[in-house]
1. Being at pLDDT below 85, more than 14 Å from the chain's Cα centre (by Cα), more than 27 Å from residue 21 (Cβ to Cβ) and crowded, with 19+ Cβ neighbours inside 10 Å, is that true of even one residue in the stretch 158-169?
2. Just one of 173, 163, 157, 141 is of a type in the set (A, V, I, L, M), under 30 Å from residue 43 (Cβ atoms) and free of Cβ contacts under 8 Å to residues at least 12 places away in the same chain; which is it?
3. Please count how many residues of the stretch 61-80 are touching a Lys or Arg at 6+ places or on another chain (Cβ under 9 Å) and either surrounded by 16 or more Cβ atoms within 10 Å (Cβ to Cβ) or among the hydrophobic types (A, V, I, L, M, F, W, C) (or both).
4. Take residue 113 and tell me if it is farther than 17 Å from residue 20 by Cβ and assigned to a helix (DSSP H, G or I).
5. Looking only at the stretch 116-137, count every residue that is under 22 Å from residue 22 (Cα atoms) and assigned to a helix (DSSP H, G or I) and tell me the total.
Amino acid sequence: MGNKIYKTIESTIKHWYLPLIVGILLIVLGIWTLTTPLESYIMLSIVFAVGFFLSGVFEMIFALTNKHKSWGWSLALGILSIIIGLLLIMNPAISMVTLPFYVGFMLLFHSILGISSAYEMRRYGIMDWGWLMLVAVLGMIFSFIMLWNPIFAGLNIVVWTGIAFLVTGVYMIYFSTRLNKLNKLLKKMKKELGE
């Protein structure tokens, strides 16, 4: 029984650094979005397309290499991110009209995954799982604002998108630190057991 628990934890945290990479990419993308508000909207859609695509690739790698409880959601989110990225790359004009919906839905999916991950961290005994939950709920609120009023979101897409990427990036980095903490705990337990 104990060995099975160790294997499950070890599988979940093996590649803890992948969410860190995704988080850093999203924060860089968020900062760029907020600091260049006068750039062309088409250029912004190309940057988003590349961001969605890369985020999807890393999300898929993380899901396939870590069969954690919600790995299916991670895989689905990765596939969806890649598809959206490719669609945006092929036709940037479409993204000018639908970008608020893309960002809103992607943030919503990340937030749902974040809530699920926070519960999973609680199950593993991580005391500050509530911070993960808080960031995921904030992301969900931003996603509802973008989906509820896309005209307002379209007018302020630079600010809303920058904030959305920053919130999601911070969550991903924080999540990776929690996975790293579990990784260290597992190594300590193995050392104490003499494995």
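1. No: zero hits.
2. Matching residue, one of 173, 163, 157, 141: 141.
3. Within the stretch 61-80, residues that are touching a Lys or Arg at 6+ places or on another chain (Cβ under 9 Å) and either surrounded by 16 or more Cβ atoms within 10 Å (Cβ to Cβ) or among the hydrophobic types (A, V, I, L, M, F, W, C) (or both) number 1.
4. It is false that residue 113 is farther than 17 Å from residue 20 by Cβ and assigned to a helix (DSSP H, G or I).
5. 15
For (1) touching a His at 6+ places or on another chain (Cβ under 9 Å); (2) of a type in the set (Gly, Ala, Ser); (3) farther than 17 Å from residue 168 by Cα, each residue gets a yes or a no:
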position: 65; (1), (2), (3): yes, no, yes
position: 73; (1), (2), (3): no, no, no
position: 90; (1), (2), (3): no, no, yes
position: 97; (1), (2), (3): no, no, yes
position: 101; (1), (2), (3): no, no, no
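The values are calculated or read from the model by the stated rules, or taken from the named source; none is laboratory data. Remember, predicted model here, so these are calculated numbers, not experimental data. Heads up, the Cβs are rebuilt from the backbone with ideal geometry, glycines too, and the neighbour counts pull from every protein chain shown.
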